[in-house]
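Quick notes on the structure that follows.
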Amino acid sequence: AADPAPAAPAGNLPFQDLPRVAFDPATIPTTGAPYEDEPASTMRKVIAKRLTESRAYVPHAFTTVTADLAGVSALRKRLAADHGIKVSVNDVVIKAVALALRDVPTANSSWDGETCVPNQRVDVSVAVATPAGLITPIVTDAAGKGLSVISAEVRDLATRARDNKLKPEEFQGGTFTVSNLGMFGITEFSAVVNPPQACILAVGGGVQKVVGDGDGGAKTVTTMTSRLSADRRVVDEPTAALFLQAFAHYVNHPELLAV
């Protein structure tokens, strides 16, 4: 005869016996202070639905890398002084992401529900905060554009995004997303994958650190932490590592962005 099923440990209920309690918003404790409900906009409802679905159905995997910003700082100063061109750290990040995706094309793929679909062009979505919610205008063919062109496009897209003047094709699509909160003083964070894209890179702000100089002394460096959220069905950990290595290499050596 088959052995009887083991009994649950004392004090523990089997999972199927746990009570199910329906959620009732009226049971949420309040302070008694007056308040007014704020209806969610159509955009926020869409965002809530997509993010909930992503967290529920997309197997997120996270990997993190740190890059030295000394070269980026020097490049920005040189472009401003010699050519009158102003570029932001985020412009450099977008270009570095695009070249890293060119080098590691699997990270530039999508999931269609059954299989991995490689994207032939690198179109980088850039998260922009607007009064209505987060929107992601697209820098198309970012790997083929120079820093000054990327900078001008991002400024134009961000301005029109906040004014609700983007065309649908300017924010629908994209093959990879960059979300940068460094300008808000955030040093690192994790972002939610935006399906059918397979990856989103969460970029923090520069942080000064004291490190060894190799000669027994110390020096101060400014580093940037970036965390990749990837759909594990498309991008496994070794592939994520290759992408982040390539991205950090371009940030550490920004002179390569023009090659």
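The values are calculated or read from the model by the stated rules, or taken from the named source; none is laboratory data. Worth saying up front: this structure is predicted, and the values here are computed from it rather than measured. Don't worry about glycine lacking a Cβ; one is built from the backbone with ideal geometry, like all the others, and counts go over all protein chains shown. With ligands, DNA and RNA removed, areas are computed over all heavy atoms of the protein, side chains included. Shrake-Rupley method; radii C 1.70, N 1.55, O 1.52, S 1.80 Å.
Residue by residue, the range 188-193 carries 3J(HN,Hα) couplings of 6, 6, 10, 10, 9, 4 Hz when phi is fed to the Karplus relation 6.51 cos²θ - 1.76 cosθ + 1.60 (θ = phi - 60°); x denotes Gly or Pro. Under the combined filter of DSSP loop state and at most 13 neighbouring Cβ atoms within 10 Å, the range 182-259 retains none of its trypsin sites (Lys or Arg not before Pro). Which of rounded, prolate or oblate describes the range 198-245 when judged by the alpha-carbon gyration tensor and an a/c cut-off of 1.5? It comes out oblate by the Cα gyration axes. Placing one identical point scatterer on every Cα of the chain and ignoring solvent, what is log10 I(q)/I(0) from the Debye formula at q = 0.08, 0.09 Å⁻¹? Taking Cα atoms of the chain as identical point scatterers yields -0.42, -0.52. Pairs with C-alpha atoms separated by more than 23 Å, drawn from the list LYS77/LYS219; LYS45/LYS95; LYS77/LYS145; LYS86/LYS219, are LYS45/LYS95; LYS86/LYS219. Seen against the Cα atoms of the chain and their longest principal axis, helix 89-103 is set at about 80 degrees.
Entry note, the chain: relative contact order of 26 percent, from Cα contacts under 8 Å with a spacing of 6+ residues. Sparsely packed loop sites in the range 145-193 (the trypsin sites (Lys or Arg not before Pro) outside DSSP H, G, I, E and B with at most 16 other Cβ atoms within 10 Å) comprise LYS165. The calculated FRET efficiency for the pair SER73 and ALA22, based on their C-beta separation and a Förster distance of 41 Å, comes to about 0.15.
Within the listed set ALA56, ALA33, ALA143, the residue fluctuating most in the Gaussian network model of the chain (springs between alpha-carbon atoms under 10 angstrom) is ALA33.
Put simply, the amide H of PHE176, placed in the peptide plane, has neighbours under 5 Å in ASP123, SER125, leaving out anything fewer than 5 places away on its chain. Annotation for the range 230-259 versus the range 149-194: alpha-carbon center distance of 19 Å.
Give me the accessible area per residue for the chain, probe 1.4 Å, as a whole number in Å². Please report the intermediate quantities before stating the final value.
Numbers: 15360 Å² over 259 residues.
Accessible surface, normalised per residue, equals 59 Å².
Just to confirm the number: angle between the C-alpha axis of helix 42-57 and the first principal axis of the chain, 0 to 90 degrees, nearest 10? The helix 42-57 is inclined about 70 degrees to the chain.
Residues in the range 60-71 carry Karplus couplings, in order, of 6, 10, 10, 9, 10, 9, 10, 10, 8, 9, 4, x Hz; the curve used is 6.51 cos²θ - 1.76 cosθ + 1.60 with θ = phi - 60°, and Gly or Pro positions show x. First check a/c for the range 116-208, with a ≥ b ≥ c the square roots of the eigenvalues of its C-alpha gyration tensor; if it is under 1.5, answer rounded, and if not, answer prolate when a/b is larger than b/c or oblate otherwise. Rounded is the answer for the range 116-208, as its axis ratio a/c remains below 1.5.
If exposed GluC sites (Glu not before Pro) are those in a DSSP loop with at most 14 other Cβ within 10 Å, what is the longest stretch of the chain that has none? List each step's numbers first, then the result.
Numbers: sites that count: GLU36, GLU114.
Segment 115-259 is the longest.
Carbon-plus-sulfur fraction of the accessible area of the chain, 1.4 Å probe, in percent? Provide the component values of the computation, followed by the final result.
On the way: 8580 of 15360 Å².
That fraction is 56 percent.
Each of the chymotrypsin sites (Phe, Trp or Tyr not before Pro) that DSSP puts in a loop and that has at most 10 other Cβ atoms within 10 Å breaks the chain; the longest unbroken stretch is 36-259.
Springs between Cα atoms under 10 Å define the GNM used for the chain, and in it the highest mean-square fluctuation of VAL89, VAL122, VAL221 occurs at VAL221.
For the residues THR27, THR220, THR64, a GNM of the chain with alpha-carbon springs under 10 Å puts the largest fluctuation on THR27. If you sort LYS49, LYS95 by accessible surface, 1.4 Å probe, largest first, the order is LYS49, LYS95. You can think of it this way: the chain between ARG50 and VAL211 has 53.8 nm of extra reach, that is 0.36 nm per residue less the Cα-Cα gap.
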